[in-house]
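The values are calculated or read from the model by the stated rules, or taken from the named source; none is laboratory data. Because the structure is a prediction, the values reported are computed rather than measured. Positions of Cβ are backbone-derived with ideal geometry, glycine not excepted, and every protein chain shown enters the neighbour counts.
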């Protein structure tokens, strides 16, 4: 704090590595390099962008921090494109939530705005394929009702309802929120034995709710699906939090 | 809904697990200090020698960590002596880049993004009407006056309109949705600026649209003051549907992809 004052957001020329990272980011955004593909070799990229190896590697590191490439170190080295899922943005998004003191209860309430509306849309406007896909999810989760994986699958089922409803923006949002919820569940239930009779009974109850939602979606009953999903999420809330709803996101991610 | 859950369950996209590099670990430690409020907005981190000693790392490693934090908009770096990094608490626009990349990669259109807002905002209008404090409702009324003042002075109201919509969600009290809306509005703002930079609309059309928006905000403020949540929600859906063609206009209308705005 002994440093002299300076402009709050000083404009500075972009560093070479930032510019190179932007160029590669653009190639990925425009689909010119697809998921899993290797970028050209380091010498080729150094020649193309007219930069040194350290600058290129710095650009790789920035892209790696965004989960856009994975770097193979040592000869022959290089970077491969890894198209990220919403979990990649969950870190940065989670930091914003953390800094504004957001609680898990707040996050759940946000889901309660988005998910019932998605259930309605899926029932009303979903394609036959989308509705069938929800049925497939139900069948998958049914086989796991006694499994330790069930909790993760419930998060997935909720997420799929939004994805299948067809709005990509909300699907991305729910993907990020799901990642945070998964981390929360992992922490809360880490110490809890997962084969207790109580857990099993709860799993069965959740499964019945998914069956009911799938029925309403198949019947194309949008209003019914929305109402039911709101009710289910309210009922599940008390159970999910176990009095920890003041848990801040900060406690989960950092 | 209870069961044992392993973290990273959705991370099965073939990313190889590799040991964390030292710079990642150092960046993680500093990120944690920021998250916990141990260093706050505008504060300088300790000097490089102090941090090198604390973390037991070399200067290049520390600088790599600074670069990673800078890429997340969490610090701004002053180069050259004495150098150092200062904490800059990011707004939603920081995450808009990364979030925007995700939307880009899934081929999301502006129409899709607008529809997402149409899920979030009417619910927010309802929440303020039903559960908002007097202060919240007063603040919404003040925002209306600001839009009106700008319109009366023939100033551009586009940014204030985005702000009104953003504040609606912020005042509803849900921080998660406020952050989401902040990111979406950042992307919408870039679109509006792009479209309106290269279209020269007749002034009377702009004025007519502004007046229509103002009337809608007046009506919303009335409904919120009357604590009529259901009517506020319904009205806001109607308003957003009516405003959609205006917001999504431009050569390709709602089919514009997020990629065209950001990359």
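What the table shows:
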item	result
The stretch B:95-107, residues that are at the interface with another protein chain (Cβ under 7 Å from one of its Cβ atoms) and either over 20 Å from residue B:256 (Cβ atoms) or part of a helix (DSSP H, G or I) (or both)	B:95, B:98, B:99, B:101, B:102, B:103, B:104, B:105
Whichever residue in the stretch B:64-77 is in a helix (DSSP H, G or I) and at the interface with chain A (Cβ under 10 Å from one of its Cβ atoms) and, among such residues, is surrounded by the most Cβ atoms within 10 Å (Cβ to Cβ)	B:69
Failed item in (1) closer than 25 Å to residue B:91 by Cα; (2) at pLDDT 80 or above, with residue B:196 passing the rest	(2)
Candidate set: the stretch B:85-94, residues that are part of a strand (DSSP E or B) and in contact with a helix residue (DSSP H, G or I) (Cβ under 7 Å, 6 or more places away or on another chain); chosen: the one farthest from residue B:35 (Cα to Cα)	B:85
Given (1) surrounded by fewer than 23 Cβ atoms within 10 Å (Cβ to Cβ); (2) touching a residue at least 60 places away in the same chain (Cβ under 8 Å), number of the condition residue A:177 does not satisfy	(1)
Per-region count, the stretch B:119-136, residues buried (at least 17 other Cβ atoms within 10 Å of the Cβ) and in contact (Cβ under 8 Å) with a residue 40 or more places away in the chain	11
Test: residue in the stretch A:75-83 that is crowded, with 18+ Cβ neighbours inside 10 Å, out of contact with any helix residue (DSSP H, G or I) (no Cβ under 7 Å at 6 or more places or on another chain), outside any strand (DSSP E or B) and at pLDDT below 95	yes
Verdict on residue A:152 being crowded, with 21+ Cβ neighbours inside 10 Å, within 10 Å of chain B (Cβ to nearest Cβ) and free of Cβ contacts under 8 Å to residues at least 60 places away in the same chain	yes
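Okay, residues lined up against (1) surrounded by fewer than 23 Cβ atoms within 10 Å (Cβ to Cβ); (2) at the interface with another protein chain (Cβ under 9 Å from one of its Cβ atoms); (3) assigned to a loop (DSSP other than H, G, I, E, B):
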| position | (1), (2), (3) |
| --- | --- |
| A:88 | no, yes, no |
| A:91 | yes, yes, no |
| A:101 | yes, yes, yes |
| A:109 | yes, yes, no |
| A:115 | no, no, no |
